[in-house]
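The values are calculated or read from the model by the stated rules, or taken from the named source; none is laboratory data. The structure presented is a predicted model; accordingly, all values stated were derived computationally and were not measured. Quick reminder, even Gly has a Cβ in these numbers, built from the backbone with ideal geometry, and neighbours come from all protein chains shown.
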Amino acid sequence: MSTDPYRVLLAEILLQRTPAERVAEFYPSFLKEYPTVTHLASANVKELRKLLTPLGLQKRAQWLIELATRMVKEYGGHVPDRQDELTKLPGVGSYTANAILCFGFRRDVSIVDVNVARVLRRVFGLQGRRPPSRDEALLKLASDLVPRGSGPEYNEALLDFAALVCGPEPRCGECPLSRLCNFYKERVVEVI
DNA sequence: TTCCCGAAAG
DNA sequence: CTTTCCGGAA
C-alpha cells in the first residue's frame with residue numbers, strides 16, 4: 001500500500017465516483033507524468049484532461065492543478081495533514097480528506113463511503129438513507145469502530161468487504177459476520 | 001437501465 | 001435540499 005500522501009491524494013481524487021478497477025488501469029501513467037506535487041502544479045490542463053477522458057469527471061483536471069499549486073504555495077509542496085486544511089482544497093470533501101489522513105498519514109479515522117455505510121447499517125440495523133457524510137450517528141459509530149493503531153488495515157479491509165461480500169446484493173451465505181448481523185437476522189425471519 | 005471507494009454548485 | 005459532473009461496464 002502506498003503511504004506517500006501525495007500518491008494517496010492523487011489516487012483518491014481519481015477514485016471519486018470511478019470504479020477502482022479502472023483507476024488502477026490508468027493510475028501508473030498519471031504517476032509517471034506527475035510524480036510529485038511540483039510536477040502536478042505545473043501540469044498542462046489540456047494534457048491532464050486528456051489523461052482523464054477515459055475516467056470521466058474532467059473537472060478533476062482543474063481541481064488537481066489548483067490543488068497542487070496551493071500545496072506548493074501554502075504548504076511548502078506538502079500535503080496538509082489536517083482535516084480542516086484538506087477540505088479547503090478543491091475536490092477534497094470529508095470523505096477524501098479522511099482517506100488521505102488514514103492511508104497517507106496513518107491516522108485512525110473512519111472512512112465511510114456509500115458501501116461502508118451500507119455495511120454498517122445492515123450489521124447494526126440502522127435506518128439512515130442520508131448521505132454518509134451527513135449521518136452523524138453513523139459517523140460516530142464508524143469512528144468508534146476503528147481499532148487504535150490499525151486504521152489503514154481496518155479501513156482497507158472494510159472497503160474490500162463492502163465491495164466483495166456485502167455489496168448491493170449481499171452474499172450472506174459466505175459472510176463471516178452473518179451471526180452478529182442484524183440484517184441477516186431480519187432476513188432469516190423474512191424467509192421463514 | 002444502474003452503478004461506480006463524492007464534491008461542488010444551484 | 002437537489003442537480004450536475006462523466007465515461008464505461010454490467
Residues to consider are A:108, A:160, A:135; find the one that is on the phi < 0 side of the Ramachandran plot, free of Cβ contacts under 8 Å to residues at least 60 places away in the same chain, away from DNA strand B (no atom under 16 Å from the Cβ) and within 18 Å of the chain's Cα centre (by Cα). A:108
The number of residues in the range A:157-192 that are of a type in the set (D, E, K, R), farther than 26 Å from residue A:21 by Cα and surrounded by 11 or more Cβ atoms within 10 Å (Cβ to Cβ) is 3
I'm trying to understand the selection: among the residues of the range A:144-171, which are of a type in the set (A, V, I, L, M, F, W, C) and over 12 Å from residue A:112 (Cβ atoms)? A:157, A:161, A:163, A:164, A:165, A:166
Residue ranges of helices (runs of 4 or more DSSP H) in the range A:87-192 with at least 1 members closer than 30 Å to residue A:70 by Cβ: A:94-105, A:114-124, A:136-145, A:151-164
Suppose we keep only residues that are assigned to a helix (DSSP H, G or I) and in contact with a Leu (Cβ under 9 Å, 6 or more places away or on another chain) within the range A:73-86. Which one would you say is farthest from residue A:16 (Cα to Cα)? A:83
Test: residue A:148 is away from DNA strand B (no atom under 16 Å from the Cβ), of a type outside the set (A, V, I, L, M) and surrounded by 14 or more Cβ atoms within 10 Å (Cβ to Cβ): no
Which condition from (1) assigned by TED's automatic domain parsing to the domain that holds residue A:52; (2) touching a residue at least 12 places away in the same chain (Cβ under 8 Å); (3) within 13 Å of DNA strand B (Cβ to nearest atom) is the one that residue A:88 breaks? (2)
Looking at (1) out of contact with any Asp or Glu (no Cβ under 8 Å at 6 or more places or on another chain); (2) surrounded by 15 or more Cβ atoms within 10 Å (Cβ to Cβ); (3) under 28 Å from residue A:153 (Cβ atoms), which is the only condition residue A:93 fails? (2)
Segments classed as helices (runs of 4 or more DSSP H), wholly inside the range A:1-69, with at least 3 members that are within 15 Å of DNA strand C (Cβ to nearest atom) and not small (Gly, Ala, Ser): A:5-15, A:20-33, A:45-52
What about residue A:154, is it among the aromatic types (Phe, Trp, Tyr), within 26 Å of residue A:72 (Cα to Cα) and either touching a residue at least 40 places away in the same chain (Cβ under 8 Å) or buried (at least 17 other Cβ atoms within 10 Å of the Cβ) (or both)? no
Identify all residues within the range A:56-65 that are surrounded by fewer than 20 Cβ atoms within 10 Å (Cβ to Cβ) and either within 10 Å of DNA strand B (Cβ to nearest atom) or within 18 Å of the chain's Cα centre (by Cα) (or both); write none if there are none. A:56, A:57, A:59, A:62, A:63
